[in-house]
């Protein structure tokens, strides 16, 4: 049945898959160095994966919380955002569609709508909301370019709800941005184009229980 699957995408766990592949190479080399001949059926040729049909996979939002306004007052931040976004009043903090964002600032949710013509690039990565937020908000206004290492930003998976963004802004952060979830089709399009998803863009569900399968390595 697996042979009939036309394409397989790593939705979650690409670092673990790469690590498992590299461990397999090391174990194979040790096996060969011991004088044995590999047949291709040894344990080191495989690693565990779970397959989900794309229509049974759901992507939740992956939101951002900021620990500083980078020297801006709330009023200055809103003014800076208006260059590329329409700032609107909202009653529901969940962004309704692609190109819309919600910002929690000074105890209040505010809606942001990307202005037409702001994004001129047409590649599938540049049009992702996570990339738009980085290119037109985080980098120019907050001075955050490297989402992986900058300690002024943190990430909250959508499984925890927007209430967690509010809680963080009352605890150790000053501002939060909620994003519309990336679509499965967008992830597949980016993979087909041999491009990479921006960091912390997707929160996939369902997730298998930790310890559901345990495999012991032979020494």
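Taking Cα pairs under 8 Å and at least six residues apart, what relative contact order does the range 67-144 come out at, in percent?
Relative contact order, the range 67-144: 29 percent.
Using a Förster distance of 45 angstrom, determine the FRET efficiency expected from the C-beta separation of residue 139 and residue 48, and round it to 0.05.
0.75
I'd like the distance separating the alpha-carbon centroids of the range 134-149 and the range 22-85, in whole Å.
The distance from the Cα centre of the range 134-149 to that of the range 22-85 comes to 20 Å.
Which of these, 104, 47, 204, has the largest mean-square fluctuation under a Gaussian network model of the chain (Cα springs below 10 Å)?
The residue with the greatest mean-square fluctuation here is 47.
Top mean-square fluctuation among 50, 132, 90, Gaussian network model of the chain, C-alpha springs under 10 Å?
Residue with maximal mean-square fluctuation among 50, 132, 90: 50.
Could you work out the relative contact order of the range 84-192? I mean the mean sequence separation of Cα pairs under 8 Å and 6+ apart, divided by the number of residues, in percent.
34
Using Cα springs under 10 Å in a Gaussian network model of the chain, which residue among 172, 192, 43 shows the largest mean-square fluctuation?
Maximum among the listed residues: 43.
Tell me the angle of helix 162-171 to the major Cα principal axis of the chain, expressed in degrees between 0 and 90 and rounded to the nearest ten.
That helix lies at roughly 70 degrees to the long axis.
Mind checking the full-extension length gain between residue 115 and residue 193? Use 0.36 nm per residue of separation minus the Cα-Cα distance, one decimal, nm.
Gain in length upon complete extension: 25.4 nm.
Helix 14-33 against the longest principal axis of the chain: what's the angle in degrees, Cα atoms only, rounded to the nearest 10?
20
Label points 7 Å out from Cα along the Cβ direction at residue 185 and residue 122: separation in nm?
The modelled label-to-label distance comes out at 1.8 nm.
Just check the range 2-51 against the gyration tensor rule for me: Cα atoms, a ≥ b ≥ c as the square roots of the eigenvalues, rounded for a/c under 1.5, and otherwise prolate or oblate depending on whether a/b exceeds b/c.
Note, shape of the range 2-51 comes out oblate.
Based on alpha-carbon positions alone, could you give the equivalent ellipsoid semi-axes of the chain from the gyration tensor, as √(5λ), descending, whole Å?
They are 41, 19, 17 Å, listed from largest to smallest.
Mean separation of Cα pairs under 8 Å and 6+ residues apart, divided by the residue count of the range 1-149: what relative contact order is that in percent?
14
Given the rule -39500 (n - 2.57) for each run of at least 4 DSSP H residues, summed and divided by the residues of the chain, what is its mean residue ellipticity at 222 nm, to the nearest 500 deg cm²/dmol?
The helix-only estimate for the chain comes to -7500 deg cm²/dmol at 222 nm.
Taking the Cα-to-Cβ direction at residue 8 and at residue 58 and moving 7 Å from each Cα, how far apart do the two end points lie in nm?
2.6
Values in this text are rule-based calculations from the coordinates and carry no lab data. Here the structure is a predicted model, which means the values were calculated and not measured. Positions of Cβ are generated from backbone atoms using ideal geometry, with glycine treated the same way; all protein chains shown enter the neighbour counts.
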